[in-house]
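The next block holds one structure in the form of structure tokens; read it before the comments.
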Amino acid sequence: MTRATTNAAPWRATILTLHPGMFPGPLGHALSGSALARGDWVCEARDIREHGLGRHRSVDDNPAGGGAGMVLRCDVLAAAIDAAAAADDPRPRLLMSPRGRPLTQARVRALSAGPGAVIVCGRFEGVDERVIAGRALEEVSVGDYVLSGGEVAALVLIDACVRLLPGVMGRAESGDAESFEGARLEYPHYTRPRDWEGRAIPDVLTGGDHGAIARWRRAESERITRERRPDLIGPESPEGTAPIREIERR
Ligand code: SAH
């Protein structure tokens with residue numbers, strides 16, 4: 001059942017940005033786009049510049065102490081946040097930031113289960129530090145690299161949340177076996193043709209033995225995780241039966 005059919009309030013993303021035209025952008029397509037059209041979630045992009053100062057609706061200024069680039073003003077951002085979300089709005093207030101805690105599937109799951117999020121997108125060199133404390137913004141990073149603005153990071157976060165909303169994904173179970181959900185990367189997938197350029201689908205997958213298929217998939221998940229992301233798995237025990245550490249719950 002979708003949220004719409006259960007009469008639950010839709011999951012609501014309010015995005016504060018200097019580029020509201022970037023939303024819903026790619027999220028207006030495919031699964032998230034259909035869910036948006038159905039009313040399972042709401043995408044509300046608010047232009048920070050509406051709260052800009054003076055004739056030019058200025059939003060940024062030179063960094064105190066000097067240096068390159070510009071900084072988003074705390075008074076302008078705070079006015080934009082206050083206009084977009086009442087003080088008693090239960091949604092978490094996030095600031096996309098390379099300095100934030102890296103986004104995890106556990107955090108995505110928690111956000112997705114809640115009422116939505118108010119998401120502030122930085123630009124230029126970033127935002128005045130005081131608004132982070134003054135409006136209790138939680139900094140969230142999408143990875144250890146620097147983007148030109150928070151919008152693409154916000155799209156990543158919203159996409160990850162929306163696909164977990166009830167009724168958004170075709171089959172409920174397709175969310176479960178996936179990479180990260182059990183601190184393991186996913187096993188390989190195959191479909192037709194059975195033989196392609198001399199590469200065959202592994203026999204076990206076409207043999208019909210569901211127990212054997214499940215064991216093969218577990219073993220492949222384990223092998224791929226050990227090869228690519230040993231950090232997701234605890235240290236090797238002498239017997240080689242390392243316990244799988246749960247991804248940190250946030
Ligand atoms: N001077 C900053 C980078 C600013 S990039 C620094 O060195 O830390 C401009 C904006 O892009 C940031 O304010 C933030 O909103 C967004 N951004 C850049 N990289 C990001 C990342 N990895 N995760 C989330 N947001 C990011």
Please tell me if Ser34 is away from the ligand (no atom under 14 Å from the Cβ), among the hydroxyl-bearing types (Ser, Thr, Tyr), open to solvent by 30 Å² or more (accessible area, probe 1.4 Å) and more than 22 Å from the chain's Cα centre (by Cα). no
Give me the pairs: first residue in segment 60-75 and more than 14 Å from the ligand (Cβ to nearest atom), second residue open to solvent by 40 Å² or more (accessible area, probe 1.4 Å) and in a loop (DSSP other than H, G, I, E, B), beta-carbon distance under 6 Å, and six or more apart or on different chains, which are they? Asp61/Arg73
In contact (Cβ under 8 Å) with a residue 24 or more places away in the chain and either out of contact with any strand residue (DSSP E or B) (no Cβ under 9 Å at 6 or more places or on another chain) or not in a loop (DSSP other than H, G, I, E, B) (or both): which single residue out of Ala37, Ala78, Ala87 fits that description? Ala78
Filter segment 86-107 for residues that are of a type in the set (A, V, I, L, M) and surrounded by fewer than 20 Cβ atoms within 10 Å (Cβ to Cβ) and give the result. Ala86, Ala87, Ala106
Going by the conditions given, is Tyr190 outside the structural domain of Ser58 (by TED's automatic domain parsing) and either within 8 Å of the ligand (Cβ to nearest atom) or not hydrophobic (A, V, I, L, M, F, W, C) (or both)? yes
Counting only residues that are closer than 30 Å to Ala64 by Cβ, touching a strand residue (DSSP E or B) at 6+ places or on another chain (Cβ under 8 Å) and β-branched (Val, Ile, Thr), give me the helices (runs of 4 or more DSSP H) lying completely in segment 107-211 with at least 1 of them. 129-134
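Yes or no, residue by residue, for (1) more than 6 Å from the ligand (Cβ to nearest atom); (2) over 18 Å from Leu18 (Cβ atoms); (3) of a type in the set (S, T, N, Q); (4) modelled with pLDDT of 95 or more:
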residue	(1), (2), (3), (4)
Arg123	no, no, no, yes
Glu129	yes, yes, no, yes
Arg135	yes, no, no, yes
Gly143	no, yes, no, yes
Leu147	no, no, no, yes
Ala153	no, no, no, yes
Ile158	yes, no, no, yes
Leu164	yes, yes, no, yes
I'm trying to understand the selection: among the residues of segment 45-70, which are outside any loop (DSSP other than H, G, I, E, B), surrounded by 15 or more Cβ atoms within 10 Å (Cβ to Cβ) and of a type in the set (Gly, Ala, Ser)? Ala45
So, Gly134, is that one open to solvent by less than 20 Å² (accessible area, probe 1.4 Å), within 18 Å of Arg93 (Cβ to Cβ) and in the same structural domain as Arg99 (by TED's automatic domain parsing) or not? no
For segment 1-23, what are the residues that are modelled with pLDDT of 80 or more and of a type in the set (Ser, Thr, Tyr)? Thr14, Thr17
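The values are calculated or read from the model by the stated rules, or taken from the named source; none is laboratory data. All figures in this text were calculated on a predicted structure; none of them were measured in a lab. Neighbour counts run over all protein chains shown; Cβ positions are idealised from the backbone, glycine included. When the accessible area is computed, the model is the full protein with side chains, heavy atoms only, and any ligands, DNA or RNA have been set aside. Shrake-Rupley method; radii C 1.70, N 1.55, O 1.52, S 1.80 Å.
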